[in-house]
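Working notes, structure below.
The values are calculated or read from the model by the stated rules, or taken from the named source; none is laboratory data. Computed from a predicted structure; not experimentally measured. Reconstructed Cβ throughout: ideal geometry from the backbone, glycine too, with neighbour counts over all protein chains shown. We work out accessible area using only protein heavy atoms, side chains counted, and drop any ligands, DNA or RNA first. Shrake-Rupley method; radii C 1.70, N 1.55, O 1.52, S 1.80 Å.
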Amino acid sequence: MTMFIRLLGRRLAVLPIMLLGVTVMVFLVLSVIPADRATAVLGENASEDAKEAWREERGLNDSLLVQFFRYLGGVLRLDFGVTNPPEESVATKIATAFPVTLQLTFLGILLAVVLALTLGITAALYRDRWPDQVIRIFSIAAIATPSFWLAILLIQWFALPEGSIFPTGGLAWADQYGFVGWLYSIALPALALGIPVSASLIRVVRTSMVEELDRDYVRTAIGNGVPYRTVVARNVLRNALVTPVTVLGLRVGYLLGGAVVIEKIFSLNGMGDLIVVGLTTSDTNLVQGAVLTIAVAFVLVNIVVDLLYLAINPRIRTV
């Protein structure tokens, strides 16, 4: 428990620095985009005087440093400004959209983990036999399949045919049928998001399991009469999960980024919709708020992964 507290304390101590770095990066990257909010709001036919007055009113003519500290002050108050007209609070729009992205990402992670553990363990236990070969082919094909293309295929196969139980997009069924409707509405997007991630995890789980199965302690335990299944369940599996958990933490960034594309394909009003709308309308405040929220979520998830790594691998608790 002491090691948990120490690790959590160290992560929380550097968290403000990490978040500040993320904020600076997001602000600078979006500041160099050659987009003029004044033109986007007032139109190309607006006079230069009108555009200049609009920029001056909103402080866009101030130095980049002044704009950053103004933006940072707003972020600390969870105030990301307002969108382009009709002006709405960016924070309010994020509060509505982020839960959709969170639901999709969580279900995608859950699906990826279940597939990776089931198929990866099976491939390791039947290594170099036909189940292992079939799983290898599946993982290679899934890794090579872009999530957006898989999403289109899933819609064609399971949503467009007459009598399909899956909608082509949106979460409208959630209001009508409750949890079951929500599950049907988000199942295809989660599959499109989770299958490519599960493919890479399958190979990691298989490799870790094979390495653990070949260790001396496994042969010793079996030689002493411990059942093979008991050794696998209690020792091999736990030790083999250390590397996959670390890899999964890194893949969360892909899941969050991939959710942006999948949401547009399935018409889910999540963070992806906000980012696309913000980019097409040159709404810098909206894009900055959405990207910063996703980046912060990624940082927090990796802190959780570090704690899971410590829970799974007791050997580093004494380090």
- Query: With each pseudo-label sitting 7 Å past Cα toward Cβ, what's the Leu160-Asn302 distance in nm, one decimal?
  - Reply: 3.9 nm
- Note on the structure: Charge tally for neighbours of Ala116 with beta carbon under 11 Å away, counting Lys, Arg as +1 and Asp, Glu as -1, is +3
- Do any trypsin sites (Lys or Arg not before Pro) in segment 1-79 lie in a DSSP loop with no more than 12 other beta carbon atoms within 10 Å, and if so, which? Arg77
- Query: In segment 181-282, which trypsin sites (Lys or Arg not before Pro) are in a loop and have at most 16 other Cβ atoms within 10 Å, using DSSP for the loop call?
  - Reply: Arg215
- Item | Fully extended contour minus Cα-Cα distance, from Val66 to Asn45, at 0.36 nm per residue | 4.6 nm
- Note on the structure: Each label sits 7 Å from Cα toward the beta-carbon; between Ala53 and Ala95 the label points are separated, in nm, by 3.4 nm
- Note on the structure: At R0 = 45 Å the Cβ-Cβ FRET efficiency linking Thr230 and Leu279, nearest 0.05, sits at 0.25
- Query: Can you tell me the accessible area per residue over the chain, all protein chains present, probe 1.4 angstrom, in square angstrom?
  - Reply: 54 Å²
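Could you work out what % of the accessible surface of the chain is carbon and sulfur, using a 1.4 angstrom probe and leaving DNA, RNA and ligands out of the count?
66 percent
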- Query: So what are segment 197-291's ellipsoid semi-axes, whole angstrom, largest first, if each one is the square root of 5 times an eigenvalue of the alpha-carbon gyration tensor?
  - Reply: 46, 11, 9
- Determine Rg/Rh for segment 1-104; Rg is computed over alpha-carbon atoms and Rh is the Kirkwood hydrodynamic estimate from the same atoms. 1.10
- Equivalent-ellipsoid semi-axes of the chain, from the Cα gyration tensor, Å, largest first: 44, 27, 15
- Scaled radius of gyration (Cα, divided by 2.2 N^0.38 Å) that segment 253-292 gives: 1.07
- Query: Would you list Met271, Met18 from the most to the least accessible area, probe 1.4 Å?
  - Reply: Met18, Met271
- Message: Using only Cα atoms and rounding to the nearest 10 degrees, what angle (0 to 90) does helix 90-125 make with the longest principal axis of the chain?
- Response: 20 degrees
- Evaluate the distance, in nm, between pseudo-label points positioned 7 Å from the Cα of Arg6 and of Asp128 along their respective Cα→Cβ axes. 4.3 nm
- In nanometres, the difference between 0.36 nm per residue of separation and the alpha-carbon distance of Leu102 and Leu76 is 7.2 nm
- Task: Enumerate by residue number the GluC sites (Glu not before Pro) in segment 1-104 meeting two conditions: DSSP loop (anything except H, G, I, E, B), and at most 16 other Cβ atoms within 10 Å of the site's Cβ.
- Result: Glu44, Glu87, Glu88
- Identify which of Val66, Val41, Val226 has the largest mean-square fluctuation in a Gaussian network model of the chain, with springs joining Cα atoms closer than 10 Å. Val226
- Task: Could you tell me which of rounded, prolate or oblate describes segment 180-237, using a ≥ b ≥ c as the square roots of the eigenvalues of the alpha-carbon gyration tensor, with rounded for a/c under 1.5 and, failing that, prolate when a/b is larger than b/c and oblate otherwise?
- Result: oblate
